[in-house]
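Colleague: First the structure, which I've put down as structure tokens, then a few questions once you've had a look.
The values are calculated or read from the model by the stated rules, or taken from the named source; none is laboratory data. This one's a predicted model, so the numbers in the text were calculated from it and none came from an experiment. Positions of Cβ are backbone-derived with ideal geometry, glycine not excepted, and every protein chain shown enters the neighbour counts.
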Amino acid sequence: MSGLAYDGGAMLGRQLRRVRNSPGLTILTQTMPITMLLFFGYVFGSALAVPGARYRSFLVPGLLVATAANGVMTGMFQAAQDTHRGVMDRFRTLPMSRAAVPMGQAVADLLVTAAGTVPFLLVGLAVGWRVEGSTLHAVGAVALLLLFRFAATWVGIHLGLLSRSEEAAGQLGSAMFMLPLMSNAYIPTDNLPGRLRTIAEWNPISAVTTALRVLFGNAPVPVGSAWPVAHPIAGSLAWCGVMLAVFLPLAVRRYASGGR
């Protein structure tokens with residue numbers, strides 16, 4: 001365990017330097033959710049049944065979770081980049097824990113996400129969103145959001161290690177933008193057709209989004225929904241647990257085996 005902590009710390013430092021040396025990409029990924037908040041909140045809000053400031057309060061948790069789900073895309077692209085440029089092969093020749101490299105990537109991504117969440121929340125407050133629940137519940141909402149991002153990153157790391165090329169990883173990662181659209185992140189699912197509503201409510205993004213809305217005090221627990229949405233906190237924790245239990249060991253094993 002001490003070896004993993006030391007080696008993982010070294011890989012964490014490497015990933016953070018990587019972020020520092022790519023300021024343009026970092027700025028883009030941090031400002032995109034804010035741009036989407038302003039666009040969706042002021043353009044789409046006037047066309048939906050949840051108008052104006054009410055829609056922006058509805059939207060902020062959804063965009064937070066949609067951004068967290070992008071951990072699949074960033075994890076995939078970074079892992080694929082290191083794999084196909086020979087970086088992973090060089091790391092495998094070093095006497096270090098096999099879990100250190102993917103762990104360093106996942107923790108670095110988590111820290112960057114946590115830092116980027118602060119300006120987004122400030123903009124959300126500026127456009128009318130409010131924390132209407134207790135401070136403790138709000139802290140729990142942020143913790144749940146970061147747990148979901150951490151789990152999503154491990155999904156991406158595993159897929160990146162499986163990818164055949166950087167281009168293939170980029171193309172697959174770009175398709176991830178469909179996941180929030182098939183959830184309750186941007187619109188209520190109450191009026192969706194039967195099968196589409198079922199798909200949306202069993203989307204992990206819907207459970208986490210509902211949990212954040214409940215914890216922030218922006219909406220009550222919905223009635224008559226699928227189990228993960230009707231029990232959003234338990235459902236979110238269950239989804240995160242499944243993602244970590246499946247993809248964390250798979251990613252570490254894939255890295256250790258060198259893709260064999």
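Colleague: Given Ala169, Ala234, Ala207, which one is buried (at least 17 other Cβ atoms within 10 Å of the Cβ), without any contact (Cβ under 8 Å) to a residue 40 or more places away in the chain and assigned to a helix (DSSP H, G or I)?
Modeller: Ala207
Colleague: I would also like to ask the following. Quick check on the stretch 37-51: of everything there that is in contact with a helix residue (DSSP H, G or I) (Cβ under 6 Å, 6 or more places away or on another chain) and either assigned to a helix (DSSP H, G or I) or surrounded by 22 or more Cβ atoms within 10 Å (Cβ to Cβ) (or both), which residue is modelled with the lowest pLDDT?
Modeller: So, considering only residues that are in contact with a helix residue (DSSP H, G or I) (Cβ under 6 Å, 6 or more places away or on another chain) and either assigned to a helix (DSSP H, G or I) or surrounded by 22 or more Cβ atoms within 10 Å (Cβ to Cβ) (or both), the one modelled with the lowest pLDDT is Gly45.
Colleague: Would you mind finding the one in Leu111, Leu122, Leu161, Leu145 that is part of a helix (DSSP H, G or I) and modelled with pLDDT of 95 or more? I'd like the intermediate steps shown before the answer.
Modeller: Details: Leu111 fails: modelled with pLDDT of 95 or more; Leu122 fails: modelled with pLDDT of 95 or more; Leu161 fails: modelled with pLDDT of 95 or more.
That would be Leu145, the only listed residue that is part of a helix (DSSP H, G or I) and modelled with pLDDT of 95 or more.
Residues are listed down the side, and each one gets a yes or a no for (1) of a type in the set (Val, Ile, Thr); (2) touching a Lys or Arg at 6+ places or on another chain (Cβ under 9 Å):
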| position | (1), (2) |
| --- | --- |
| Gly86 | no, no |
| Thr93 | yes, no |
| Met96 | no, no |
| Ala100 | no, no |
| Gly104 | no, yes |
| Ala126 | no, no |
| Ser134 | no, no |
